[in-house]
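Undergrad: What follows is a single structure, and I will ask about it in a moment.
The values are calculated or read from the model by the stated rules, or taken from the named source; none is laboratory data. In this text, all values refer to a predicted model and were calculated from it rather than measured experimentally. Cβ placement follows ideal geometry from the backbone for every residue including glycine, while neighbour counts extend to all protein chains displayed. The accessibility values were calculated without ligands, DNA or RNA, using every heavy atom of the protein model including side chains. Shrake-Rupley method; radii C 1.70, N 1.55, O 1.52, S 1.80 Å.
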Amino acid sequence: MLFPVLDLNYIGQRFDAIAPAVVSAGKQAGVEDPDHSPSALQQAMHRLMELLEILSGQVDSTREIPHPSLNELSELGNYGIQLLVDFSTVAAGLKMPQESEEMEDLTLPMALWLVRHKGELRTLEPVINSLARLANRFREPSQLRQLYELSMELIKALEPTMQQERIRLEKAQPWGILLMNQAIIATRSYQPELIEEAYQTLCRLLPDQAPNFFREGMEQMDALNYPQQVREVVEKYYNLWGQPRTLH
């Protein structure tokens, strides 16, 4: 499994495994910012985790929809993602690239925890960065399937808001990048059923970018020697979407 049970205990334990080294380095470097020193960020995260534990219990214990605590949970959950980003930035400034990446990577389980508790995910960029790093790190089909399922979970949680606001998705925007990454993860998994689902999602939610994606996909089939079952799915969608349209 990529992650154990994605609960607050896991996030807190991982944070506490990474943070002390950064806090120590910050003290040695004389970082004194009262709001963004490693020590201040560590204390803020500990307070936040306590609040999230209380709020999640309130949300889980009632059937009222929408529960008044959901707004607060959403605010605090996104604040938690930002705290992790701030900690990652501080670690990078202290020349601690591994701790910086590991801290930003915690934004993915934090985002998943938030949407699983019906919170609204508003801070997407660091989550996408984490997802992309994991996609580049893993090669086994079973790992990529798990990563694909996590990305689909995020997309399903975010889709109602996107449709309601009628956002026009573009590749350069976080939504577009998330959808593209999901399709790439599915392709690398070599599992046709995942590729079909991902490509259908891409065509439905990002139709303007789909043709170029499938044209580039066809170019990659030979360059990277993809197996035949993957080629067949990519070629199918290339024929449907990737070729220039002409008027008759």
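Undergrad: Name the residues in segment 18-61 that are in contact with a helix residue (DSSP H, G or I) (Cβ under 9 Å, 6 or more places away or on another chain), in a loop (DSSP other than H, G, I, E, B) and open to solvent by less than 80 Å² (accessible area, probe 1.4 Å), would you?
TA: Correct list: Val31, Asp33, Ser37.
Undergrad: Within segment 200-217, how many residues turn out to be more than 23 Å from Ser130 (Cβ to Cβ) and in a helix (DSSP H, G or I)? Talk me through it step by step, then tell me what you get.
TA: Applying the first criterion (more than 23 Å from Ser130 (Cβ to Cβ)) to segment 200-217 yields 200, 203-204, 207-208, 210-212, 214-217.
With in a helix (DSSP H, G or I) added as a condition, the list becomes 200, 203-204, 210-212, 214-217.
Matching residues across segment 200-217 total 10.
Undergrad: Pick out, from segment 69-153, the helices (runs of 4 or more DSSP H) lying fully within it that include 3 or more residues that are of a type outside the set (S, T, N, Q) and open to solvent by 20 Å² or more (accessible area, probe 1.4 Å). Quick ask: steps written out before the conclusion?
TA: Values: elements: 97-105, 107-116, 125-137.
The helices (runs of 4 or more DSSP H) meeting that bar are 97-105, 125-137.
Undergrad: Which members of segment 208-219 meet the condition of being open to solvent by 20 Å² or more (accessible area, probe 1.4 Å) and either under 15 Å from Asn181 (Cα atoms) or under 20 Å from the mean Cα position of the chain (by Cα) (or both)? Please lay out each step first, then the result.
TA: Our first condition is that a residue be open to solvent by 20 Å² or more (accessible area, probe 1.4 Å); within segment 208-219, this holds for 208-209, 211-213, 215-216, 218-219.
Across segment 208-219, the qualifying residues are Gln209, Asn212, Phe213, Glu216.
Undergrad: Right, something else. Out of (1) of a type in the set (A, V, I, L, M); (2) at pLDDT 90 or above; (3) open to solvent by 10 Å² or more (accessible area, probe 1.4 Å), the odd one out for Leu179 is which?
TA: (3)
Undergrad: Working only within segment 154-166, note down all residues that are open to solvent by 20 Å² or more (accessible area, probe 1.4 Å) and either assigned to a helix (DSSP H, G or I) or at pLDDT 90 or above (or both). So that I can check it myself, show each step before the final result.
TA: Step one: of segment 154-166, the residues open to solvent by 20 Å² or more (accessible area, probe 1.4 Å) are 156-157, 159-161, 163-166.
Passing the criteria: Lys156, Ala157, Glu159, Pro160, Thr161, Gln163, Gln164, Glu165.
Undergrad: Among the residues of segment 220-237, which ones are out of contact with any Pro (no Cβ under 9 Å at 6 or more places or on another chain), in a helix (DSSP H, G or I) and at pLDDT 90 or above? Spell out the reasoning first.
TA: If we filter segment 220-237 for residues that are out of contact with any Pro (no Cβ under 9 Å at 6 or more places or on another chain), which is where we start, we get 220-228, 231, 234-237.
Of the ones still in play, those that are also in a helix (DSSP H, G or I) are 220-223, 228, 231, 234-237.
Result: Gln228, Arg231, Val234, Glu235, Lys236, Tyr237.
Undergrad: May I ask you to say which residue of Leu94, Leu121 is farther than 24 Å from Glu159 by Cβ, in contact (Cβ under 8 Å) with a residue 40 or more places away in the chain and in contact with a Gly (Cβ under 9 Å, 6 or more places away or on another chain)? Explain how you work it out, then say what you get.
TA: Numbers: Leu121 fails: farther than 24 Å from Glu159 by Cβ.
Step by step, each of Leu94, Leu121 is checked, and only Leu94 is farther than 24 Å from Glu159 by Cβ, in contact (Cβ under 8 Å) with a residue 40 or more places away in the chain and in contact with a Gly (Cβ under 9 Å, 6 or more places away or on another chain).
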